[in-house]
Protein chains: 2
Amino acid sequence: MLDTLLGGQSLPAGELAYIAGVTPQTASSHLSKLIDANVLLVETNGRHRYYRLASPEVAQLMELIAAVTPPVRVRSLRESEQMKKVRHARTCYDHLAGRLGVDLTKSMLDNGLIEVESPTDFSLTSQGHDHFRQFGIDFSVIKLGRRVFARRCLDWSERYHHVGGLLGATLTSALFERRWIERVEGLRAVKVTDVGRSGFREFFGLDVKEIIKA
Amino acid sequence: MLDTLLGGQSLPAGELAYIAGVTPQTASSHLSKLIDANVLLVETNGRHRYYRLASPEVAQLMELIAAVTPPVRVRSLRESEQMKKVRHARTCYDHLAGRLGVDLTKSMLDNGLIEVESPTDFSLTSQGHDHFRQFGIDFSVIKLGRRVFARRCLDWSERYHHVGGLLGATLTSALFERRWIERVEGLRAVKVTDVGRSGFREFFGLDVKEIIKA
DNA sequence: GCTAAATTTCGATTATCATCGAAATATGAA
DNA sequence: TTCATATTTCGATGATAATCGAAATTTAGC
């Protein structure tokens with residue numbers, strides 16, 4: 001959770017729990033300890049509680065710990081293959097991340113479907129609205145609710161942003177529905193199907209470099 | 001045990017056990033974990049095994065933890081007096097910290113001996129080079145090796161930076177050699193001698209406010 | 001080679017922590 | 001109001017860690 005927050009974002013408890021792979025109760029327990037220890041700050045916003053690092057010193061602290069700690073040894077070929085799959089394409093909460101998520105984001109930027117609105121957010125251009133309407137998703141009728149529309153989410157494996165928020169989530173669930181992507185059993189990784197491979201090329205001008213074999 | 005080793009000394013396991021108030025078995029168990037975690041190094045010298053911090057980064061890490069952590073409640077008058085001494089002047093790994101370390105750093109900045117080079121580093125000005133040559137230290141002939149020359153190290157008690165790195169270490173060991181400062185028995189604290197008091201005034205334009213009495 | 005000192009390893013006990021189901025709380029929406 | 005969602009609190013259980021006695025290991029000095 002701390003590693004995720006190192007990017008400087010504020011995230012709600014549920015999302016941090018998902019990322020850490022624990023239940024919300026467990027995450028809540030850890031988060032409150034981290035608050036007490038002056039490591040995190042929380043900002044209450046309605047029923048969401050956004051957690052973030054308490055100070056630049058904490059970020060410096062974590063970088064130092066990473067510098068002092070011996071690098072985590074990958075113990076087996078299987079683990080290393082799994083790591084490759086996870087780096088290639090995975091879900092981050094409910095949207096695409098990894099190489100695929102980042103490349104898709106870059107191609108949407110290049111094609112003028114989205115643009116960088118602020119350090120923390122993307123926005124959908126009118127061209128993007130049209131393009132996604134053709135794709136079968138009409139974002140002009142989708143209600144925002146409390147959720148951010150298109151978060152710029154820092155990708156730990158690619159060190160670049162991918163699209164999160166409602167846009168990322170809606171797009172990703174559509175990709176699952178159309179079977180462009182499928183979950184890899186037991187991992188956070190996803191694989192691109194043959195249908196997806198041609199779909200990404202035609203619709204997003206994106207050549208998916210390596211297809212992960214199931 | 002780590003707090004004791006922050007003074008920069010090497011100590012045997014038995015002594016660290018005594019200081020921490022645990023049996024040698026318990027200390028040994030913790031020390032071996034700290035070795036595995038790259039926090040400590042051990043030097044075997046006959047049947048004694050001398051433990052010390054593994055790197056300046058570990059010292060910086062611990063000072064940062066102290067800076068982030070909420071202050072510990074002081075339980076007794078004696079503890080409070082000890083705390084005062086430690087806050088006044090102490091060694092941080094191998095360089096000066098506390099009020100004295102911070103004031104010395106400020107006076108070197110004011111007198112143009114050093115300047116802020118980056119958020120993490122100081123640098124020695126040409127005036128500083130001359131001044132230290134007069135003092136008897138020629139930094140132009142000291143090899144850097146892998147160590148940072150003059151780190152801006154955050155001071156937990158003063159919430160300001162003091163000089164670490166090679167510059168801080170070289171200066172501090174010279175101060176011990178000339179008996180401007182001496183260790184306080186059983187603590188990380190140091191005290192300024194009468195010689196040091198006049199020396200700091202003449203050479204660094206620094207009035208040492210309170211002399212810690214032994 | 002023997003003995004004493006410093007330290008570690010082993011094993012058992014006790015204390016503490018992590019975890020999650022169930023229930024409570026808080027908020028926003030219908 | 002009622003329902004759904006986000007989050008926390010409580011409580012029980014299983015896992016992990018701390019601790020130290022006993023015994024093993026290492027080495028200095030005799």
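The values are calculated or read from the model by the stated rules, or taken from the named source; none is laboratory data. Owing to the predicted nature of the structure, the values given are computational and were not obtained by experimental measurement. Cβ atoms come from the backbone with ideal geometry, glycine included; neighbour counts cover every protein chain shown.
Checking every residue in the range A:13-35 against the condition of being within 14 Å of chain B (Cβ to nearest Cβ) and either under 24 Å from residue A:97 (Cβ atoms) or in a strand (DSSP E or B) (or both) gives at least one match. Of all the criteria given as (1) more than 14 Å from chain B (Cβ to nearest Cβ); (2) away from DNA strand D (no atom under 15 Å from the Cβ), the one not satisfied by residue A:53 is (1). Considering every residue within the range B:21-35, establish whether at least one is in contact (Cβ under 8 Å) with a residue 40 or more places away in the chain and either among the hydrophobic types (A, V, I, L, M, F, W, C) or buried (at least 17 other Cβ atoms within 10 Å of the Cβ) (or both). Looking through the range B:21-35, none of the residues is in contact (Cβ under 8 Å) with a residue 40 or more places away in the chain and either among the hydrophobic types (A, V, I, L, M, F, W, C) or buried (at least 17 other Cβ atoms within 10 Å of the Cβ) (or both). Taking the range B:39-138 as the region of interest, the helices (runs of 4 or more DSSP H) fully inside it that hold 1 or more residues being within 30 Å of residue B:15 (Cβ to Cβ) and in contact with a Lys or Arg (Cβ under 8 Å, 6 or more places away or on another chain) are B:56-68, B:77-88, B:98-110. Exactly one residue out of A:16, A:11, A:34 is closer than 27 Å to residue A:161 by Cα and over 21 Å from the mean Cα position of the chain (by Cα): that is A:34. Regarding the range B:132-145, can at least one residue be identified that is buried (at least 19 other Cβ atoms within 10 Å of the Cβ) and not polar (S, T, N, Q)? Yes. Per the conditions (1) in the same structural domain as residue B:102 (by TED's automatic domain parsing); (2) within 15 Å of DNA strand D (Cβ to nearest atom), the sole criterion not satisfied by residue B:69 is (2).
The residues on offer are B:78, B:52, B:90, and the sole one that is among the charged types (D, E, K, R) and surrounded by 20 or more Cβ atoms within 10 Å (Cβ to Cβ) is B:90.
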